[in-house]
Structures are given as C-alpha cells and as structure tokens.
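No lab work stands behind these numbers, since they all come straight from the coordinates. What you see is a predicted model; the values in this text were computed from it and never measured. Backbone-built Cβ (ideal geometry, glycine too); neighbour counts: all protein chains shown.
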Amino acid sequence: MSNYDLAVIVLAAGKGTRLKSSLAKVLHKAGGRTLVEHIVRACEPLKARDRVVVVGHQPEQVAGVIEPLGAVTVLQQPQNGTGHAVQVAKRTLGRAKFALVLPGDAPLVRTETLKALIATHRNGNAAATILSAVVADPSGYGRIVRKSETAVSAIVEESQLTDEQREINEINSAIYCFTLENLWPALAQVKPNNKHRELYLTDAIAVMSGKGETVLAQVAGDSREVLGCNTRADLAEVDRIFREWKRNELMDAGVTIQLPETVLIDPDVTAGEDTVIEAGVQLLGKTKLGARCSVKTGSVLADAVLGDDVTVEPHCVVVQSRLDDRVIIGPFARLRPGNHLKAGARLGNFVEVKKSTIGEGTKVPHLTYLGDTKVGSKTNVGAGTITCNYDGFEKFPTTIGNKVFIGSDSVLVAPVRIGDGAYIAAGSTITENVPADSLGIGRGRQVNKPGWASKKRRELAAATQPKKSSRRRSRKKSNRKTNRRK
Ligand code: UD1
Ligand code: MG
C-alpha cells in the first residue's frame, strides 16, 4: 500500500499526571520498549510521507528515542490539549492529504489494524474515521455516540457524559484517520469547553458530523490493542499483554516455555527450535538462543548470544556474553559483560567471569573469579581460583594456556602468564610468569610437629582448672544450703 499522501502524527507531549512520575509518560516502558517507540515502530511499515511526534515534556529524551527510527519532532509548548497538539503539527505536514493521528500512550496497536483503518477511511471518502473498541469496562475513555449504524455524531469524554451515555461501551481509542481539508476548519471551531480549558481533538468529531461530513468508526477486532496507559496499573496490564504475545511468537517458532506467565522476554529476543525455557526466566535485550538450548529456572540473560545445545543451569546471570555450542554454565554462575565461552566450555557454581575468554572444553567448575583473562582449551581451573586483575587503579590481564592445571585456591596476580601444559600447585599465590610444562608453586612449605597437639591440649586443660582450695570452700557452702532445706 502506498501512503504518499498520508502523514502520521503521534501525540506525545503530555506529562502523564496520573502516573505520578518525574519521567514523561511516553518514556515509560511496557513490553521492553518505551511507549512512544512501540507506536512509531507500528507506523513504520505504513510508509507515510511524514512521521511527526508532538513533544512537550522532556522533549530531548523523547527525540532521542524516536529520531533513530526516522521520525521527527515538533514542540508543543504549552500543552493545551490533543486538538492543540494536532494544530501544532500542521506546519510540518507538507502536502499530506490525510493524517493518521495516534496517542503516544496506546502502544499495543498493530500495523495491520492501522492499515485496515486507513483503507476504511479512503474507501468511505470520510472526513474522519475513528478506531473504536467495544469493552466490558469503558470507564476513563471517551465514548462513541453513533447517529446510525455506520455514522458517528460525537465523542464524549468521561467527564462530560450524560447518565445514558455512560452505558455506552464503545470507546474512542484516540487513533483516527482524518482528511486534513476537513479537519483544520473543524478544529478551528473547537472551544476549550472543559474543566482543563484544553482543546480536545475529540470535539472536532461533533463539528464535522454537524456539518454533514462523513465520520466513521471502525471497531478493533481485539479490544486489547487500544488500551491506553494512564496509570501504573494500565502500564502493568499492557506489559503483561506484550509479554504474552512475545512468548506466543516464540512458542509458535518451536520453543518450549514452562509456566509461560512467569517468563519475561524482550521484543528483540530470538530462540531456535526445541529450546526449553523454564519457569521464572528473563531473556532481555538482544539475547539470541540457538537450537536445543536449555535455560533453567531463575536465570536472567541480557544481550547474551548462545549457540546450539547450550545449558544454563538454574539461577545464572549472563550479560553481554557469547556462549558457543554445548557450553554448560551454573547453577549460580555470573557472567558480567564481555565474555566468550568457546564450544564445550563449562562454568560451575559460584563462578564469576568478566571480559574473559574461556577456551574449548575448558572447565572452571567452582568458586572462581576470572577477570580480564584468556584461558586456552582443555584447561582445568580448580575451585577457589582468583585472578587479582585490579590494583586499585588499573586492570591487568591474565593469560592461561592450553591444557593447564590450576590447583585449587590459587591466586594469580596480574599481569601474569601461565604457559601451555603448566601446573599450578594448590594454594599458590602466583606473581611471576610460569613457563610451559612447568610447575608453579608459591606457598609456605608445610611443617609437621609430632605430639604438638596433645601437649597443647594438656596445657590448656591445666590452665582452665579451678584451684583446689576454693573448690572445697564452695562445696561446704552448698552443703549448708541443702541441709537447711531439709
Ligand atoms: C484520550 C481521548 C479519549 C480516549 C483516550 C484513549 C482526548 C481529549 N481524549 O484521553 O477520548 O478514549 O485518549 O486512550 O483526546 N497530549 C499531547 N498534548 C496535549 C495533551 C495530550 O501531546 O496537550 C498527548 C498525551 O501525551 C497522550 C495523548 O495525547 O499521549 C492522549 O492524552 P491523554 O491525556 O492520555 O488523553 P486521555 O485522557 O487518555
Ligand atoms: Mg491516555
């Protein structure tokens, strides 16, 4: 569909008083993205000639979100209502004949629904076509007042409803298609007749209808698409729906998700067939999972890239890291940014890694910290190994070769290199490079002292025994007491 004559106007200048927040409403997030970003993205495939976002509160931050998506901003200062916001956008519209107007706080709308709305508008030669929805609870929304089955006479805001109109359950989504040559004169006639003294775009509908122009309302197939976010509860509900849609998308693509309602997945996440995601998992940012992976309960992956057949045991945190095929991590592993675990590598419980490369088949099974470290392939890093990569001022690298054996409880003071095939004796503090195939040992030599322990025990026992004389005195005293009681 070509929309060379269409402008998209997103109204995003309002503060969002009902959210009680210092952040502008449209910058709040649901489903892993800001509200305004969802809307601008949904309009992108329409290929409209202009995409304009009306900004007011925190305009630079809103521009920072939408300009990378190719939309432009226009400043509404002060914010005198939705009708005023559309008037402010007028100067940026060039030669558009139609405008699709959307609020910045209804992020669930789908491109297909917008396409259908525009088609209805064009086919009906309408002055305005409203996207409406029939809902169980219409409170808070403007109501659609129809004058016939097909034609609309007005939108009445909640605050101005008569008792009879309060029963209407067809609501205004605040998404409309307008023919601009009809809209501008109608808006010019709108008066700020409401308690906020604002110019309501909704009032232009009655003006157009009163002039005998065609005003249509198209009912959305899925009423959830028009949910607006005015309160924190609305945000939570919209987030829940986005998350459900995303999980369904992955399940349709062959991913198993256990207890789906407990799993949170951001919009850009992808996963291969037969991957299993257990309850309570979060997959965030641009995380990509290969095929047949298993991400177990309580794990959080952000911007993680997993190959095929990767296992993430319970309660791992993985940030900005790459895990190649057949890697196994956890339970309780923490991967901070910048790691690359090569094929078949294993990281066990209570292991923390940062900016490190772990070679193919290398094992780091327990209680270890590796920072700024390169480990070769088929190396074994024993329990309790720590790289000291920081001296309080700078970070230093550690390099561990192939087929190295690091004994448990070793401290590697960076910068330091351990050559291929080397052994590090358990409990060592390694401050100098260890050449290939050597033993590095850096600890005090053990001394055994025969009989020392029993002698010590005797000494301690003697020192803690009470003196004889005082014991006798106290025994006599207690006898006197017992006799009296008799
Ligand atoms: C609006 C509609 C209501 C509809 C509901 C659907 C009006 C008067 N009412 O009510 O009929 O049922 O949406 O969600 O339009 N904005 C500006 N500049 C302004 C005022 C608002 O850009 O001066 C923007 C806001 O940032 C927001 C959008 O317009 O993104 C809608 O404003 P909001 O205050 O949320 O209107 P509602 O009360 O939800
Ligand atoms: Mg709203």
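Brief remarks on what is shown
- Lysines with Cα under 27 Å of LYS403, excluding same-chain neighbours fewer than 8 positions away: LYS342, LYS354, LYS355, LYS363, LYS374, LYS378, LYS395
- Descending semi-axes in Å of the chain, equivalent ellipsoid built from Cα gyration tensor: 68, 33, 20
- Bridge orientation summary for the range 369-434: considering DSSP beta bridges with both residues in this region, about 5 percent are antiparallel.
- Taking GluC sites (Glu not before Pro) in DSSP loop states with no more than 13 other Cβ atoms inside 10 Å as exposed sites, the chain has its longest site-free stretch at 1-148.
- For the range 296-424, pairs of C-alpha atoms spaced more than 25 angstrom apart make up 16 percent of the total.
- Cα gyration tensor category, rounded, prolate or oblate, for the range 168-218 with a/c compared to 1.5: oblate
- To the nearest ten degrees, helix 180-189 and the longest principal axis of the Cα atoms of the chain are 90 degrees apart.
- Relative packing of 282-292, 319-329, 435-445, which averages over residues the other C-beta atoms within 10 Å, highest first: 319-329, 282-292, 435-445
- Taking amide H as placed 1.01 Å from N in the peptide plane, GLY307 has its amide H under 5 Å from the amide H of GLY290, LEU323, ASP324, ASP325, each at least 5 places away in sequence or on another chain.
- Segments 414-421, 131-138 sorted - mean Cβ within 10 Å per residue, highest first: 414-421, 131-138
- Separation of alpha-carbon centers, the range 339-372 and the range 405-441, rounded to whole Å: 17
- DSSP bridge analysis restricted to the chain gives an antiparallel fraction near 20%, rounded to the nearest 5.
- Prolate/oblate/rounded label for the range 11-120 (Cα gyration tensor, a/c 1.5): oblate
- Lys/Arg +1, Asp/Glu -1 at C-beta; the chain dipole; positive extreme among ILE329, LEU161, GLN76: ILE329
- Adding -39500 (n - 2.57) for every DSSP H run of four residues or longer, then dividing by how many residues the chain holds, sets the calculated 222 nm ellipticity at -7000 deg cm²/dmol.
- Under Karplus coefficients 6.51, -1.76 and 1.60, residue-wise ³J(HN,Hα) of the range 329-345 in Hz, glycine/proline x: 10, x, x, 6, 9, 10, 10, 7, x, x, 9, 10, 9, 7, 3, x, 5
- Folded to 0 to 90 degrees: helix 232-252 orientation relative to the chain principal axis, Cα: 80
- The spacing between the range 17-74 and the range 159-232, judged by their C-alpha centroids, is 22 Å.
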